[in-house]
Amino acid sequence: MRPARKPNTILQNISIIDIAEDGKGVGKTDELVLFIEKAIPGDVVDVEVYRKKKNFAEAKITELKKASEFRTEAFCQHFGICGGCKWQHMLYDAQLIYKQKSVTDALQRIAKLDLTGLVRPILPSEQTSYYRNKLEYTFSNKRWLTNGENVEDNLEMNALGFHVPGRFDKILDIEHCYLQADPSNPIRNQVRGYALQHGISFYDIRAHEGALRNLIIRTSSTGELMVIVVFAHAVEEQIEGLMKFVADEFPEITSLLYIINQKMNDTIFDQEVITYRGRDFIYEAMPTKVDGTDVIQFRIGPKSFYQTNSDQALQLYQITRDFAGFTGNELVYDLYTGAGTIANFVAGRVKQVIGVEYVPQAIEDAKVNSAINNITNTKFFAGDMKDVLTPEFVAEHGKPDVIITDPPRAGMHPDVVNRLMEIEAKKIVYVSCNAATQARDLLVLKEKYDVLNIQPVDMFPHTQHVENVVLLVLR
């Protein structure tokens, strides 16, 4: 027989002194650092330890003895289960404090930088709800049960919503989401209702069976709307019926598309996209001047990358451009250019922009975005950054005056960092969504570069994520 499980350790009167990168509160005992779910600085709590390592443990609150002055009521009924907005229970001003602290801590601890006078106050998001322009929902026949529900009670087990943290096969059925403005919520709820009414099966990720797999909704500041229904093993009548229903119920949809994905994973980048009604893209618009003039358009397709907070994306790009301090004669390299958003945004202020990106489809989007805005001083190249950015590439296209780099969360490959050290551009503007990996790269770059300006930007309210822009100037 398996030995009886030891009861979890209960610790009392733990003061929460900080917050970790994953959003958990941090407390301490004489022996352990504690990472505590849903705890925020200033709380005093009793906790139950559910996972213990040598020097730290993870725990959950059993009793809130004293509430922090930063604590507030979460506004979403799904808070605490969904995992999408882990800081809803913390006042927004406090969120900004700890986001800024996470940036400065990483740059001091990892990059060993003296930040005196360098870090600007974090730029808050004007919208703290309904700020996303894209959401992806998942269909599942294994709904996450809540509020004491039991599977034996003959409950409806189909769900359309978000993954429960740590459970790839469990989906929380979402009634109302505060991340994306309507008609996002009505579309999701109506699609779910139609599928249930007409007996269309929801996907079983373990058995890889079922008709409906994903629902993707994209909105734009121009008022355009894209809806993508991803089917798995659906029959033609089910596809036609659901797509016609969505088209009739929501005539405001600009781009109504569907995909049949029977692969073992959810990625759609290698899948054919079928246009049911309208165009196969929508337009996003962004002013390139402070007064709102000289608007640049971006064409967003079903596979395109675009910053999911449109308003803050404008702020981020303006900061990037202002840090670079263009005079009009610069050759700029835009590394990890994506769909060429930053490249096209700054093109009107420089001599030429060379964009490099790993994803070929994104490079095609970048070229289109230049063409529709009559931008003629951009060139784009697809390939792995460490393989493309060679001495031969620089010799052919010219040594850049400014390098803008906006890598994924993992930061830049060490070979790319070393290449930047060899190129010795006068300025580097480093945009990052992960201050820790950014700091790791800055530790190397600071051997030749001085850090002159740092601007954190909040792109995702109620989460622990924060963007950061750093200006480096060659000594």
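The values are calculated or read from the model by the stated rules, or taken from the named source; none is laboratory data. Please read all numbers here as calculations on a predicted model, not as lab measurements. Cβ placement follows ideal geometry from the backbone for every residue including glycine, while neighbour counts extend to all protein chains displayed. We work out accessible area using only protein heavy atoms, side chains counted, and drop any ligands, DNA or RNA first. Shrake-Rupley method; radii C 1.70, N 1.55, O 1.52, S 1.80 Å.
Quick notes on this one:
- Of the candidates Thr337, Thr327, the single residue that is under 23 Å from the mean Cα position of the chain (by Cα) and more than 21 Å from Arg132 (Cβ to Cβ) is Thr337.
- In the range 369-395, the residues that are under 19 Å from Val359 (Cα atoms) and touching a residue at least 40 places away in the same chain (Cβ under 8 Å) reach residues that are open to solvent by 70 Å² or more (accessible area, probe 1.4 Å) and of a type in the set (Ser, Thr, Tyr) with C-beta atoms within less than 9 angstrom, at least six apart or across chains, in these pairs: Met385/Tyr358.
- If you go through the range 302-322 and keep only what is open to solvent by less than 10 Å² (accessible area, probe 1.4 Å) and more than 17 Å from the chain's Cα centre (by Cα), you end up with just Thr320.
- Restricting attention to the range 362-399, the residues that are open to solvent by 20 Å² or more (accessible area, probe 1.4 Å), under 28 Å from the mean Cα position of the chain (by Cα) and among the polar types (S, T, N, Q) add up to 2.
- Check on Tyr131, in contact with a Phe, Trp or Tyr (Cβ under 7 Å, 6 or more places away or on another chain), assigned to a loop (DSSP other than H, G, I, E, B), in contact (Cβ under 8 Å) with a residue 60 or more places away in the chain and not polar (S, T, N, Q): no
- Criterion violated by His233 - all others in (1) open to solvent by less than 70 Å² (accessible area, probe 1.4 Å); (2) touching a Gly at 6+ places or on another chain (Cβ under 9 Å) satisfied: (1)
- When the residues of the range 108-155 are filtered to those that are surrounded by 17 or more Cβ atoms within 10 Å (Cβ to Cβ) and among the basic types (Lys, Arg), the one that is nearest to His78 (Cα to Cα) is Arg143.
- Taken over the range 432-459, the criterion of being out of contact with any helix residue (DSSP H, G or I) (no Cβ under 8 Å at 6 or more places or on another chain) and basic (Lys, Arg) is satisfied by Arg440, Lys446.
- Output for the range 16-43, where each listed residue is farther than 15 Å from Tyr98 by Cβ, among the hydrophobic types (A, V, I, L, M, F, W, C) and in contact with a Gly (Cβ under 9 Å, 6 or more places away or on another chain): Val33, Leu34
- Hey, Val359 among the β-branched types (Val, Ile, Thr), on the phi < 0 side of the Ramachandran plot, under 28 Å from the mean Cα position of the chain (by Cα) and open to solvent by less than 10 Å² (accessible area, probe 1.4 Å) or not: no
- Test: residue in the range 242-256 that is under 30 Å from Val429 (Cα atoms) and either modelled with pLDDT of 95 or more or not polar (S, T, N, Q) (or both): no
- All conditions in (1) in a helix (DSSP H, G or I); (2) over 19 Å from the mean Cα position of the chain (by Cα); (3) surrounded by 16 or more Cβ atoms within 10 Å (Cβ to Cβ); (4) not charged (D, E, K, R) hold for Met421, with the sole exception of (3).
- Entirely in the range 288-403, the helices (runs of 4 or more DSSP H) that have 1 or more residues that are within 30 Å of Ile274 (Cα to Cα) and not β-branched (Val, Ile, Thr): 310-324, 341-346, 360-372
- When residues of the range 323-356 are limited to those that are surrounded by fewer than 20 Cβ atoms within 10 Å (Cβ to Cβ) and touching a Leu at 6+ places or on another chain (Cβ under 8 Å), the one farthest from Thr308 (Cα to Cα): Lys351
- Among residues of the range 186-221, those that are over 17 Å from Leu242 (Cα atoms) and surrounded by fewer than 22 Cβ atoms within 10 Å (Cβ to Cβ), counted: 7
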